[in-house]
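The values are calculated or read from the model by the stated rules, or taken from the named source; none is laboratory data. For clarity, every value in this text was computed on a predicted model and none was experimentally measured. Cβ coordinates were reconstructed from backbone atoms using ideal geometry, including for glycine residues, and neighbour counts include every protein chain displayed. Note: areas computed on protein heavy atoms with side chains; ligands, DNA, RNA excluded. Shrake-Rupley method; radii C 1.70, N 1.55, O 1.52, S 1.80 Å.
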Amino acid sequence: MASTTLQEPSTEVKAFLNSDLKLLINGQRVSSANGETFEVLDPSNNLVLTRVPKGEAEDIDRAVKSARKAFETGPWRKLTVSERGKLIWKLADLIERDQEIFAQLESLDNGKPLAIARAADVPLTIDHFRYYAGLATKIHGETLDISVPYAPGAEFFDFTLREPVGVVGQIIPWNFPLLMATWKLGVALSAGNCVVLKPAEQTPLSALKLADLFVEAGFPDGVVNIVSGFGDAGAALAEHDDVDKVAFTGSTEVGHKIVQASAGNLKRVSLELGGKSPSIVFPDADLEIAAQGVANAIFFNHGQCCAAGSRLLVHNKVFEELVERVADTAKNIRLGPGMASDTDMGPLVSREQQERVLGYINSGLASGAQALAGGGKPEGLDAGCYISPTVFGKVKPEMKIIQEEIFGPVLVASPFDDLDEVIAKGNATEFGLASSVWTKDINKAHKVAKGLKAGTVWVNCHNIFDANAPFGGYKKSGYGREMGLHALEMYTQVKNVIIQIH
């Protein structure tokens, strides 16, 4: 189904798109060193939205030097933790003021429905910055009682300091451009680090708008630097010897390259990578709620979600009924531009991503899988990067659509018979990011949650995120955690101080 009613961007958004967009380096809005720019496309029609600076290695180097200076000698480290928290809170207030601008930029740039950006992406962004604004005053060390057997009678006072890592390089993906930047910026700044942020080349607009607000909020020069560019800029950031930590969200393939690039100075690395998350439905579940939840798990954000419930495992007793419900939901999803008021699902982010997902769909069909819904491009939307919501049945474990991350609105459904079997099937992938379990039996839910090798297990829900809830993966889904107190572990380092008391 196609949507119809298109909303015009606001006057403020049009003014932003028509402005001379710049990088943020050392508190200044500057062009790229080579003066080059690149086009940013609207994935609903592949028309040019605007042009942004094409940052490269020289720009990354300038940004890193700026961050290093700000960290070592600038006023950032001299601010009290309360002052630091107030700056982050002020940033959240400015985002709240401009929330409609950010929502429209996310919709235009990424393709997601404007209603979703308004209801989820932007409010979560505001809440996240406020969470870490409050946490800035609560990062502390501890005192320790120690025994030193080779110093009988000696007295010691032992305490730890939790200090910022230093200069942090952050590389963010295109699926949640504003929110993913926020997940990384909030904790890094709360802990006292300085940052060089590199947004995805497909979706740089909200990050460049965010740059305006960092300046307006009064962050000291060099504390936050934002450089738009392509993969070479990201590689330069990951390799840079004056970067103390790199944080990356994206594909597992690129994650391997980030780890290799970090080896030069053994910088810290945190990775939030791919997923092939199972949604597991038992026969005692409320099938109406489960069917809607399973559909949302895969079709939310067009399936372009690392935690998407892309594998559906349903007990044989209710397999046909549940899968039919999900397929019916898929058939009735309205496709169209994100700025259309009646759009349920927008386009994929780019023509490249559309072709990638279509390749997986064709592979599944060629391997004998049955498309119960979708199975290709929708009619009448050829100008954009659309894929019909797709549900596959009659799949086999060795199929690519079962084993590999598709990152699109494609669900593969398989039956199971017992608890141990479904835990094994749930774990039968190289990924381990997330999962969901649908059942009314709390004992069953606990057993499955304990048995699954996944960083997050949702029970009777999926894609529930909160600033206080840690998120990250097992296995090839990465390491380190975003959000909550656990994120501090990757952005701080512990110093032990031992004083002999005479």
If you go through the range 377-399, how many residues are open to solvent by 10 Å² or more (accessible area, probe 1.4 Å), over 15 Å from PRO278 (Cβ atoms) and out of contact with any Gly (no Cβ under 8 Å at 6 or more places or on another chain)? 7
Which residues, taken from the range 400-446, are of a type in the set (A, V, I, L, M) and open to solvent by less than 10 Å² (accessible area, probe 1.4 Å)? ILE401, ILE406, VAL410, LEU411, VAL412, ALA413, VAL422, LEU433, ALA434, VAL437, ALA445
Counting only residues that are crowded, with 19+ Cβ neighbours inside 10 Å and among the acidic types (Asp, Glu), which one in the range 241-280 is nearest to the chain's Cα centre (by Cα)? GLU272
Of all residues making up the range 447-464, the number that are open to solvent by 50 Å² or more (accessible area, probe 1.4 Å) and either within 22 Å of PHE299 (Cβ to Cβ) or not charged (D, E, K, R) (or both): 3
Name the single residue, out of those in the range 5-28 being within 24 Å of GLY336 (Cα to Cα) and in contact with a strand residue (DSSP E or B) (Cβ under 6 Å, 6 or more places away or on another chain), that is surrounded by the fewest Cβ atoms within 10 Å (Cβ to Cβ). THR5
Here the residues within the range 97-113 that are in contact with a Ser or Thr (Cβ under 7 Å, 6 or more places away or on another chain) and either within 23 Å of ASP466 (Cβ to Cβ) or among the polar types (S, T, N, Q) (or both) are PHE102, GLN104, GLU106, ASN110, PRO113
Open to solvent by less than 20 Å² (accessible area, probe 1.4 Å) and within 30 Å of ASN496 (Cα to Cα): is that true of LEU179 in this structure? no
Given the range 71-151, what helices (runs of 4 or more DSSP H) lie entirely inside it while holding 3 or more residues that are among the β-branched types (Val, Ile, Thr)? 81-97, 122-135
How many residues of the range 476-500 are open to solvent by 70 Å² or more (accessible area, probe 1.4 Å) and touching a Phe, Trp or Tyr at 6+ places or on another chain (Cβ under 6 Å)? The answer is 4
Condition check: of a type outside the set (S, T, N, Q), closer than 22 Å to ILE423 by Cα and surrounded by fewer than 19 Cβ atoms within 10 Å (Cβ to Cβ). Does PRO283 satisfy that? yes
Looking across the range 61-93 at residues that are of a type in the set (A, V, I, L, M) and open to solvent by 20 Å² or more (accessible area, probe 1.4 Å), the single one that is nearest to the chain's Cα centre (by Cα) is LEU87
State which residue is nearest to the chain's Cα centre (by Cα) when the search covers only the range 436-465 and only residues that are part of a helix (DSSP H, G or I) and of a type in the set (Gly, Ala, Ser). ALA449
Just one listed residue, out of VAL294, VAL318, is open to solvent by less than 20 Å² (accessible area, probe 1.4 Å), over 23 Å from the mean Cα position of the chain (by Cα) and within 23 Å of SER277 (Cβ to Cβ), and it is VAL318
Filter the range 22-45 for residues that are aliphatic (A, V, I, L, M) and part of a strand (DSSP E or B); the one that is nearest to ALA217 (Cα to Cα) is LEU24
Among the numbered conditions (1) farther than 26 Å from ALA330 by Cβ; (2) not in a loop (DSSP other than H, G, I, E, B), tell me where ASN468 comes up short. (2)
